[in-house]
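The values are calculated or read from the model by the stated rules, or taken from the named source; none is laboratory data. Fair warning: this is a prediction, and the values are worked out from it, not measured in the lab. FYI the Cβ positions are ideal-geometry reconstructions off the backbone, even for glycines, and counts take in every protein chain you see.
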């Protein structure tokens with residue numbers, strides 16, 4: 001028995017559903033019901049991951065020295081990029097040599 005219903009009750013419910021929605025709409029109804037069940041399951045799984053992820057997020061993974069080193073490296077890249085031997089594409093942002101007329105990634109004309 002499913003949910004305390006016998007086979008006769010299930011058949012009666014299926015006949016009523018068929019009469020209400022019609023044979024053309026039953027596949028759409030089944031598809032949307034399946035998507036809903038899938039989304040609920042994924043939501044429950046992501047909720048479980050978030051609760052276990054909070055414990056992991058509380059632990060610091062990088063030391064302060066590592067963070068400072070990364071920031072210093074980024075500052076050095078910015079200084080290199082601001083030199084006159086590099087041109088950025090206005091369309092996609094790709095770094096190109098200053099003597100290039102067109103972007104190496106998207107092919108847009110570079111303004112000088």
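Would you check if there is a residue in the range 65-77 being over 28 Å from the mean Cα position of the chain (by Cα) and modelled with pLDDT of 65 or more? No, every residue in the range 65-77 fails to be over 28 Å from the mean Cα position of the chain (by Cα) and modelled with pLDDT of 65 or more. Here residue 99 fits the description: modelled with pLDDT of 85 or more and either touching a helix residue (DSSP H, G or I) at 6+ places or on another chain (Cβ under 8 Å) or exposed (fewer than 10 other Cβ atoms within 10 Å of the Cβ) (or both). The set of residues in the range 21-31 that are modelled with pLDDT under 90 and part of a helix (DSSP H, G or I) comprises 21, 26, 27, 28, 29, 30.
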